[in-house]
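Notes for the one structure printed next.
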Amino acid sequence: MDTCAFVDRAGDGPRLKSLEFPTSATYDLTLACNLTCKFCYQGEVPRVGGPSLVTVKRILDEMKKGGTKKIIFVGGEPFLYPAWVETLCYADEIGLTSSFVSNGTLITEEIVQRISRFLGEGLISIHGDQETHDSLTGVKGSYQKAVAGLRILSANGFKTGVYLTLAEANHAKLFAAVRSLVEDHNVDFTWLALNRDLPLGKGGDHFKQGLNLRDYHEVFEQIERIVQVYDRPAFLEASLPFCLVDKKYHRYILTCRTGVSHTAIDPDGNMKLCPVANQHRLGNILEQGLLPLWRNAPLLKEYRSLAWLPEECRDCGLLGKCLGGCWMASKAGRTTSLSGEGGQENRAVASNGRTRE
């Protein structure tokens, strides 16, 4: 779907056009995790636990019934879930395509052999070079284990992504981190996905200031260099307002599909506005159904209305591509060092990319 088709300008003002059902979903299989990342949007999490396999199967059934085609299992750490293999097996049985985001530390040749029948791609979180990664995750040795996990997946034919959360400690060393993976550790991966420094969960303390616009342009310069030197797709997964970014870097920013074609579910079946929006639950799909929530949840309607955007964004010709930036960054009161003004990010409209239709 062309991202411009996401916005309908008929009627009183622009609004998001959503599909009749979410084609993909992020599912927090378990909140349990063996790392203590300083920026984790889940906050403080348990070391073990998760819903029963019976509950997981009911949630997957409801997602399948609601039209979802692809599930991205996240956490916590999905490889900590006791019935991880059985979950992937069941998802495959009912016709769902699976992927995952993992910290990579629990990936072994044995477990990959067991799950490779049910899926063929996954992302491993690596947040910089060894020193930076271990510092951010709070566990010494986690970098080497993540690299080893990534290597095992690649050796077994998986399409692999590297997932990096941008922070003050790593944003200036992005190219060096990728170079180290490829040249020093001889690790292959398919694509690089970058996440924004959102002040959610533990990130509320770690990302008090946040990266500024100059920092992000430095990131984009490195993304472009990574693409040119290593011939791998690289992109920012959480949107920035396009008007704040040099036009030549727009191609490296993904358009957010939350509420358009993608949804997010927590371990107990609660639908969230987006994967990181733990405080914005819309209802429970096991009690109310996935489709009724997708189509009628008040908060989703508010989000799709785009009424929360300032007039500058609502009138902008780039709205169909950036959707005004990240809704969660705005809700979290992310100050814009991005704009240099100290307001919410969608209040900061620069002139270099802004056009009117």
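Each of the peptides 288-301, 16-29 was scored by the mean count of other Cβ atoms within 10 Å over its residues; in descending order, highest first, they stand as 16-29, 288-301.
The amide H of residue 192, built 1.01 Å from its N in the peptide plane, has 162, 234, 235 as neighbours under 5 Å, considering only residues 5 or more places off or on other chains.
Tell me whether the stretch 1-144 comes out rounded, prolate or oblate; compute the Cα gyration tensor, take square roots of the eigenvalues as a ≥ b ≥ c, and use a/c under 1.5 as the rounded threshold.
Numbers: a/c = 2.11, a/b = 1.37, b/c = 1.54.
Oblate, because a/c is 1.5 or more while a/b does not exceed b/c.
Evaluate the relative contact order of the chain (contact order divided by residue number), counting alpha-carbon pairs under 8 angstrom at least 6 apart; express in whole percent.
19 percent
On a per residue basis, the stretch 19-82 carries 42 Å² of accessible surface, using protein heavy atoms and a 1.4 Å probe.
Straight-distance candidates among the lysines for linking to residue 17, with alpha-carbon spacing under 24 Å and chain neighbours fewer than 8 residues away dropped: 64, 65, 69, 70, 272, 301, 321, 331. Of the two radii for the chain, the radius of gyration is 0.95 times the Kirkwood radius, both from the alpha carbons; that is the Rg over Rh value.
Accessible area of the chain with a 1.4 Å probe: how many percent of it is carbon plus sulfur? Write down the numbers at each step before the final one.
Working: 7100 of 14800 Å².
Exposed carbon and sulfur together represent 48 percent of the surface.
The values are calculated or read from the model by the stated rules, or taken from the named source; none is laboratory data. Everything numeric here is computed off the predicted structure, so don't read it as measured data. All Cβ positions, even for glycine, are placed from backbone atoms using ideal geometry, and neighbour counts span all protein chains on display. To get the accessible areas, we keep the full protein, side chains included, count just its heavy atoms, and leave off ligands, DNA and RNA. Shrake-Rupley method; radii C 1.70, N 1.55, O 1.52, S 1.80 Å.
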